[in-house]
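S.K.: Structure provided below as structure tokens; questions to follow.
Just so it is clear, none of the values below were taken in a lab; they were calculated from the coordinates. Being a predicted model, the structure only gives us computed values, none of them experimental. Every residue, glycine as well, gets a Cβ built from its backbone with ideal geometry; the counts of neighbours run over all protein chains shown.
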Amino acid sequence: MTRFTTTVFLAMLSISTFPLSAQKKRTTERSVRVPFVGCKADGQAGPEEAPSGEPIVVALPADLSGKFAYYKGEDGFGLLAPKGWNCFEAYGSNGSSLFVMPERIDSERFFSGAQTEFSGPAIQLSSSIGDTSGRFEVARIIARVFPQRQSFVRRLIEDTDGLLNKSDVVYGPYKTDKLVRLNRNTVEFQTPANTDGLGTMSRLRKSAQPITGVIVLTGETPDAIHLSVRLSPNQASLAPYIIRRLETEIRSAK
């Protein structure tokens, strides 16, 4: 066993019950209709209007059935998130990122050069494309938690004439992250409060609340889908259902 895989294995031994996959269902679930919320987008080809859509059907406990909405931009995967939040999607040749949070999102700030980072409740769903400029983010993710795909990282360092150097890549998981490897291409994670980890490999900054989420590699290239979820303490029980819905949607798209 390599040092990398040993570290991952030890991290997995300290799993909390943060992912739905590690929990027993606390109550009977039923199929409920969740309202669709279209998200405006902006990026390389200019602004895009929010799409319209029909409510989606999701299996939820009865006491949570009215707490969610389904947010989606024109392209890519949608996102289950607390009802009444705001959303915006940024996109480019590297991929896209869907942001959902309680406060109004100033879309102009995303492209003004100012730092746009969030320390409060927020959800970010990013898709990085492995055969475009998104491949650099894919490489950084693979180096952290997908040791069996590290040939992708090595080839990228060799073939990009210094655009990605060995010094740009850190191998092995963050020391404080808790990981659950669901399969070869899917890792759920929790980044504890006030620490850097997979959860802060996003625009979510470390704060007094932990960040939970999942990373999924898709396709042969591969692409990387990275979900980071930080909720207030009174909404923390919603996070596993947000993660599970995305995992279901990704499986359905294959």
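S.K.: Explain nothing, just the number: relative contact order of the stretch 3-253, from Cα pairs under 8 Å at least 6 residues apart, as a whole percent.
M.R.: It rounds to 19 percent for the stretch 3-253.
S.K.: Quick one: what are the phi-derived ³J(HN,Hα) couplings along the stretch 78-86, Karplus 6.51/-1.76/1.60 with θ = phi - 60°, whole Hz, x for glycine and proline?
M.R.: Taking θ as phi minus 60°, the curve returns x, 8, 6, 7, x, 5, x, 7, 10 Hz for the stretch 78-86.
S.K.: Related question: Going by average Cβ density within 10 Å per residue, which order do the peptides 52-61, 35-44, 74-83 take, highest to lowest?
M.R.: 74-83, 35-44, 52-61
S.K.: Specify the inter-centroid distance of the stretch 24-96 and the stretch 199-235, based on alpha-carbon positions, in whole Å.
M.R.: Centre-to-centre distance over Cα atoms comes out at 16 Å.
S.K.: Please say if the stretch 3-253 is rounded, prolate or oblate, where rounded means a/c under 1.5 for a ≥ b ≥ c the square roots of the C-alpha gyration tensor eigenvalues, and otherwise the choice is prolate for a/b larger than b/c and oblate otherwise?
M.R.: oblate
S.K.: Also, I was wondering about something else. What shape does the stretch 52-178 have by the C-alpha gyration tensor, where a ≥ b ≥ c are the square roots of the eigenvalues, rounded means a/c under 1.5, and otherwise prolate means a/b greater than b/c and oblate the rest?
M.R.: prolate
S.K.: Suppose the chain between residue 165 and residue 183 were pulled fully straight at 0.36 nm per residue; how much longer would it get relative to their current alpha carbon spacing?
M.R.: Going from the current span to full extension adds 3.6 nm.
S.K.: Rounded, prolate or oblate, given the Cα gyration tensor of the stretch 132-254, with a/c below 1.5 counting as rounded?
M.R.: oblate
S.K.: Hey, in the GNM for the chain with a 10 angstrom Cα cutoff, which one of 180, 153, 32 fluctuates hardest?
M.R.: 32
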